[in-house]
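The values are calculated or read from the model by the stated rules, or taken from the named source; none is laboratory data. Owing to the predicted nature of the structure, the values given are computational and were not obtained by experimental measurement. Cβ atoms come from the backbone with ideal geometry, glycine included; neighbour counts cover every protein chain shown.
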């Protein structure tokens, strides 16, 4: 076979006999639950026109109640928070009944179709176009079929709880199938217990490289981790990548103390490293999709950052889940005020667990941490709301597109914002409560909500912190000040516990908050100046043409750089610029550059004590 059900044989050479036996046992258990032809929903997927990015999909619905059957495409996708109009890529829709007689298909809105006059069975056929390969859409070509289910499969109203079977017909004989869907009896066939699980199960068909290995958690429960990577590199590239993955995800299991209960005994990483793909990462209940234009070797395995982030999600968000996302509604945006935790705390742990695994240096980790901290602390958006407000803006920014311009200064992403909150809480817990840390908080939440899959509210997160610390006042102060509002602690003394120094990037450098780039034969303002910067106070705006600096004409970016470099805080410079056809003048006073970085005390020439080094090792892992 060409499906995952055939991987037992591959695993003997790739990961050893024990892994192959474990995988075979998992597959046998999956097939034993297969609903077979009794499934009320069945899909058949072929790719006869793959070179032109088309798939042919046939969906069969049985035991249809009297009256028209409504079928439709989703408008949202698990792991995404904005509206996505998947129906736009579905066409040539036709229908017939159980005896093969044509049925009328009517369409009164953009999102679905109605089929009447059936005999209790409705067979709908359609063409799907897909050429955007990421975690949200579908890409079909002669090299692979990369399918996100909400972007690929229409579904019927009223069939949400019904089991589903799907059979894939690969375009090329070399294509294999990677998916979290359990194996079904039959060639290239899989099943799902219901619509929620099916829609959460991305699938890759290609001649990918494959590795698998068993994992046993602290409770003694064993699972199989599977890695399917479609790339143009060598087997050695894949082996090196696999070794990194194994070391990193071991830290994930160590953090939470046990593996999630993978529903069908396996967890699957599906990765596309291809020039035609679009960079992304998307978590699912028992799998992760990773996409990157760069090859494994060309990117020097940097994609491990995406993998680490998404794998944290198999605990945090897939099972430790905000109440607003359960169940997922495919007809609308799914907002929650808790993305600062679901995404932000995950963002904090992704690189931290890579550091603990020894796959990055302390200096590399601190460089990323400093950039994240600098971006959030200095963001003007915090004056417009805290992390809960930023979480609720997700439907407007999470791969959402609009024609009109948006004020860039009113939003800071809940990813870095939440990561900074995680850092603040981690260092405060380690400072105030011996033996406690953010690790302990995550394990406590896993025990109270994640492991038993009880959805949480913001109040639950606060209550768990109060219980862990036995200090309700601290928990309330943290949530009132930094979660419900936008306050942040002073990070310098918190970081000093680990012998780390927070310092200006360049205290002597004058700063205007002005970016510039080449444009229309001259120089134009690049990013919109941020409120509080000299450029903002001077009235400059994105796209303005910079005509002269200190009375000297500016013809290119090099001339602008020469005029601005060397100025210190307190200096002034005259700027003449053209804004929407009107020439204006401003006198800007250079300020101190607010950018800062986090470095080891040793790097900054600050003495570091043995106690500080011990704190650092307990937090970041051994050097």
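Per-structure values
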| item | result |
| --- | --- |
| Filtered residues of segment 460-497 (kept if in contact with a strand residue (DSSP E or B) (Cβ under 7 Å, 6 or more places away or on another chain) and surrounded by 18 or more Cβ atoms within 10 Å (Cβ to Cβ)) | 491, 495 |
| Out of 445, 438, sole residue that is at negative phi, out of contact with any strand residue (DSSP E or B) (no Cβ under 8 Å at 6 or more places or on another chain) and at pLDDT 95 or above | 438 |
| Residue count, segment 580-622 (criterion: over 26 Å from residue 565 (Cβ atoms) and in contact with a helix residue (DSSP H, G or I) (Cβ under 6 Å, 6 or more places away or on another chain)) | 3 |
| Residue match in segment 302-321 (condition: within 14 Å of residue 230 (Cα to Cα) and in contact with a strand residue (DSSP E or B) (Cβ under 7 Å, 6 or more places away or on another chain)) | yes |
| Test: residue in segment 525-533 that is farther than 23 Å from residue 417 by Cβ, surrounded by 14 or more Cβ atoms within 10 Å (Cβ to Cβ) and touching a residue at least 12 places away in the same chain (Cβ under 8 Å) | yes |
| Search result, residues across segment 567-623 that are outside the structural domain of residue 535 (by TED's automatic domain parsing), assigned to a loop (DSSP other than H, G, I, E, B) and free of Cβ contacts under 8 Å to residues at least 12 places away in the same chain | 605, 607 |
| Odd one out for residue 505, checked against (1) under 27 Å from the mean Cα position of the chain (by Cα); (2) farther than 30 Å from residue 262 by Cβ; (3) surrounded by fewer than 20 Cβ atoms within 10 Å (Cβ to Cβ) | (1) |
| Any hit, segment 435-456, residues being touching a helix residue (DSSP H, G or I) at 6+ places or on another chain (Cβ under 9 Å), surrounded by fewer than 16 Cβ atoms within 10 Å (Cβ to Cβ), without any contact (Cβ under 8 Å) to a residue 12 or more places away in the chain and assigned to a helix (DSSP H, G or I) | no |
| Count of segment 81-112 residues which are assigned to a strand (DSSP E or B) and farther than 30 Å from residue 336 by Cα | 13 |
| Residue satisfying all of: in segment 225-239; touching a strand residue (DSSP E or B) at 6+ places or on another chain (Cβ under 9 Å) and surrounded by fewer than 20 Cβ atoms within 10 Å (Cβ to Cβ); farthest from residue 274 (Cα to Cα) among these | 239 |
| Filter result for residue 462 (in a helix (DSSP H, G or I), at pLDDT 95 or above and not assigned by TED's automatic domain parsing to the domain that holds residue 258) | yes |
| Conditions (1) closer than 18 Å to residue 286 by Cβ; (2) buried (at least 21 other Cβ atoms within 10 Å of the Cβ); (3) under 22 Å from the mean Cα position of the chain (by Cα): number failed by residue 196 | (2) |
| Which listed residue is outside the structural domain of residue 575 (by TED's automatic domain parsing), touching a strand residue (DSSP E or B) at 6+ places or on another chain (Cβ under 7 Å) and surrounded by 22 or more Cβ atoms within 10 Å (Cβ to Cβ), from 500, 540 | 500 |
| Subset of segment 412-434 [closer than 24 Å to residue 472 by Cα and part of a loop (DSSP other than H, G, I, E, B)] | 433, 434 |
| Any pair with Cβ under 6 angstrom, 6 or more apart, that starts in segment 63-88 at a residue that is more than 18 Å from residue 114 (Cβ to Cβ) and ends at one that is modelled with pLDDT of 95 or more and part of a strand (DSSP E or B) | 79/282; 79/283 |
| Matching strands (runs of 3 or more DSSP E) fully within segment 231-328 where at least 3 residues are modelled with pLDDT of 95 or more and more than 30 Å from residue 459 (Cβ to Cβ) | 266-273, 287-292 |
| So residue 425, is it modelled with pLDDT of 95 or more and out of contact with any strand residue (DSSP E or B) (no Cβ under 9 Å at 6 or more places or on another chain) | yes |
| Filter result (closer than 26 Å to residue 383 by Cα and surrounded by fewer than 18 Cβ atoms within 10 Å (Cβ to Cβ)) within segment 510-521 | 515 |
| Considering residues of segment 199-220 that are touching a residue at least 24 places away in the same chain (Cβ under 8 Å) and out of contact with any strand residue (DSSP E or B) (no Cβ under 9 Å at 6 or more places or on another chain) only, the residue surrounded by the most Cβ atoms within 10 Å (Cβ to Cβ) | 218 |
| Selected residue (only one of 429, 421, 488 is over 30 Å from residue 76 (Cα atoms) and under 26 Å from the mean Cα position of the chain (by Cα)) | 488 |
| Qualifying positions in segment 486-504 - in contact with a helix residue (DSSP H, G or I) (Cβ under 8 Å, 6 or more places away or on another chain) and assigned to a loop (DSSP other than H, G, I, E, B) | 486, 487, 488, 489, 497, 498, 499 |
| Set 454, 470, 432: member being in the same structural domain as residue 377 (by TED's automatic domain parsing) and at positive phi | 470 |
| Lone unmet requirement of (1) part of a loop (DSSP other than H, G, I, E, B); (2) without any contact (Cβ under 8 Å) to a residue 60 or more places away in the chain; (3) surrounded by 15 or more Cβ atoms within 10 Å (Cβ to Cβ) for residue 409 | (2) |
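Yes/no per residue for (1) modelled with pLDDT of 95 or more; (2) surrounded by fewer than 12 Cβ atoms within 10 Å (Cβ to Cβ); (3) in contact with a helix residue (DSSP H, G or I) (Cβ under 6 Å, 6 or more places away or on another chain):
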{"position": "15", "(1), (2), (3)": "no, no, no"}
{"position": "20", "(1), (2), (3)": "no, no, yes"}
{"position": "28", "(1), (2), (3)": "no, no, no"}
{"position": "53", "(1), (2), (3)": "yes, no, no"}
{"position": "69", "(1), (2), (3)": "yes, no, no"}
{"position": "86", "(1), (2), (3)": "yes, no, yes"}
{"position": "92", "(1), (2), (3)": "yes, yes, no"}
{"position": "106", "(1), (2), (3)": "yes, yes, no"}
{"position": "114", "(1), (2), (3)": "yes, no, no"}
